[in-house]
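J.: Before I ask anything, here is the structure I am working with.
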Amino acid sequence: MKKIIVCLFLALVCCSQLSWARQRKTSKEKTVAQESVQDSLSAYLMVYHKDQDHGLHMAYSYDGYTWTALKNDQPILGGDTIAEQHGIRDPHIFRAPDGSFCLAMTDLHVFGKRDGFRTTDWERDGKKYGWGNNRGLVLMRSKDLVHWTRTNLDFTKFAPSTYICDGDTLTMNWAEVGCVWAPETIWDEEKGQMMVHFTTRQGVEKNTIWYVYMNAEFNQVIGEPQFLVAAPKRRFNIIDSDIIKVGETYHLFYVSHEGGATPKHAASDKLTGPYRFDEYYRDGERQGHEAPNCWKRLNSDTYVIMFDNFRRKPMNFGFVETKDFFTYHPIGYFDGKNSPMHRTNFEEQKHGAVTYVTKKELERIIQAFEK
């Protein structure tokens, strides 16, 4: 009997060790595969929208300086087919750790009346809900950048949220949400989940930044919306959050409406904050500008902050470079004098975001969209 028990015990130990070894091998294989993809990333993919059509546009670059729009600058996806308001804005693309691509977009058509999608200026009462009011986001996911799954989130369906801001206990009544704008996605390493952060407000109150977590399929919210950051005592609007992790620090770029639309910078050692605000960021732009997006040049220690100068005629993107997030060097606009940034076949793009692709991935989407 003792021999049987000992044998059973040894068998269990062996099975446990084999299971652990398999898990370790699988985990190691996934890590090696992810590292292999990271090593082979060799090009850039930009998403943006245009006021002319409120659709999703894409452009690519091999060197991060010269950019070419896919489909000769025609929409890759039509906002009229994927959004409740028949238009999208503020697209952001993020490459997830599993290699899939996550798209997050504002469900909003600011010219819906002009284009015959509604009979009113806005989806809801402008006096009650403000300029450009909308109720939700369009979220999409793809493994190949050609075929996409889609989810439309309506934030008026959420229950009220209680949160603390500057020591005050406040309530966000989502049924009365005034806007859900400029969503961006980032991977939360501690939680092992995708986070989507976005601009929002209740009614016509000041805009603040919130976030939600998403499941692995990027089609369902996990939990409830959470507050991230606001202006001191919510005295003015802050919008268009962009977060990038560099080393152990999360860098938050956002737009402050204190005295005009101007991008600012903050940092934290945790994705969910609290964030330390600073005045180091300088891009040399005097006109109102928004939608900062920070991305790293491949095989380099240089980071680019790309922004949307919506007040220029025609509208354009401006660019700033940094290596330390304390000193910043403006490098001009697309096709500007002495600027290294160039476009080959597009113009008047708005609210862009950049991710990375492999040569094989880029060749596939060029073939798919250049037919």
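Read the figures in this text as sums done on the coordinates, not as results from a lab. Quick caveat, the model's predicted, so the values are computed rather than measured. FYI the Cβ positions are ideal-geometry reconstructions off the backbone, even for glycines, and counts take in every protein chain you see.
J.: For Ala175, work out the one condition from (1) closer than 25 Å to Glu258 by Cβ; (2) in a helix (DSSP H, G or I) it doesn't fulfil.
T.: The number of the failed condition is (1).
J.: Of all residues in the stretch 334-363, which are charged (D, E, K, R), farther than 18 Å from Glu321 by Cα and more than 23 Å from the chain's Cα centre (by Cα)?
T.: If the condition is that a residue be charged (D, E, K, R), farther than 18 Å from Glu321 by Cα and more than 23 Å from the chain's Cα centre (by Cα), then Lys360, Glu363 are the ones that fit.
J.: Do we have Val138 as out of contact with any His (no Cβ under 8 Å at 6 or more places or on another chain), more than 12 Å from Gly178 (Cβ to Cβ) and part of a strand (DSSP E or B) here?
T.: Numbers: out of contact with any His (no Cβ under 8 Å at 6 or more places or on another chain): yes; more than 12 Å from Gly178 (Cβ to Cβ): yes; part of a strand (DSSP E or B): yes.
Spelling it out, Val138 is indeed out of contact with any His (no Cβ under 8 Å at 6 or more places or on another chain), more than 12 Å from Gly178 (Cβ to Cβ) and part of a strand (DSSP E or B).
J.: Only one of Tyr356, Tyr328, Tyr281, Tyr303 is under 16 Å from Thr68 (Cα atoms) and surrounded by 15 or more Cβ atoms within 10 Å (Cβ to Cβ). Can you tell me which?
T.: Step by step, each of Tyr356, Tyr328, Tyr281, Tyr303 is checked, and only Tyr356 is under 16 Å from Thr68 (Cα atoms) and surrounded by 15 or more Cβ atoms within 10 Å (Cβ to Cβ).
J.: Here is a further query. Can you report the number of residues in the stretch 59-112 which are at negative phi, crowded, with 19+ Cβ neighbours inside 10 Å and touching a Pro at 6+ places or on another chain (Cβ under 8 Å)?
T.: Residues in the stretch 59-112 being at negative phi, crowded, with 19+ Cβ neighbours inside 10 Å and touching a Pro at 6+ places or on another chain (Cβ under 8 Å): 5 in total.
J.: Among the listed residues Arg114, Arg124, Arg89, which satisfies the condition of being within 26 Å of Gln220 (Cβ to Cβ), of a type outside the set (Asp, Glu) and over 22 Å from the mean Cα position of the chain (by Cα)?
T.: That would be Arg124, the only listed residue that is within 26 Å of Gln220 (Cβ to Cβ), of a type outside the set (Asp, Glu) and over 22 Å from the mean Cα position of the chain (by Cα).
J.: Quick one: which strands (runs of 3 or more DSSP E) sit completely within the stretch 275-367 and have at least 2 residues that are closer than 24 Å to Ala104 by Cβ?
T.: Passing ranges, in order: 290-296, 303-309, 316-322, 350-358.
J.: Would you point out the residue of the stretch 78-91, among those that are touching a residue at least 60 places away in the same chain (Cβ under 8 Å) and either small (Gly, Ala, Ser) or touching a Leu at 6+ places or on another chain (Cβ under 7 Å) (or both), that is farthest from Ser142 (Cα to Cα)?
T.: Step one: list which residues in the stretch 78-91 are touching a residue at least 60 places away in the same chain (Cβ under 8 Å), which gives 82-84, 89-91.
Retained after the next criterion (residues that are either small (Gly, Ala, Ser) or touching a Leu at 6+ places or on another chain (Cβ under 7 Å) (or both)): 83, 89, 91.
Values: Ala83: 17, Arg89: 19, Pro91: 15 Å.
The extreme case among them is Arg89.
J.: Quick one: in the stretch 284-297, of everything that is loosely packed, with under 14 Cβ neighbours inside 10 Å and in contact (Cβ under 8 Å) with a residue 24 or more places away in the chain, which residue is farthest from Pro314 (Cα to Cα)?
T.: If we take residues in the stretch 284-297 being loosely packed, with under 14 Cβ neighbours inside 10 Å and in contact (Cβ under 8 Å) with a residue 24 or more places away in the chain, then Gly284 is farthest from Pro314 (Cα to Cα).
J.: In addition: Which of the residues that make up the stretch 205-252 are of a type in the set (A, V, I, L, M), in contact with a Phe, Trp or Tyr (Cβ under 9 Å, 6 or more places away or on another chain) and more than 24 Å from Asn152 (Cβ to Cβ)?
T.: Val229, Ile238, Ile244, Val246, Leu252 - these are the residues of the stretch 205-252 that are of a type in the set (A, V, I, L, M), in contact with a Phe, Trp or Tyr (Cβ under 9 Å, 6 or more places away or on another chain) and more than 24 Å from Asn152 (Cβ to Cβ).
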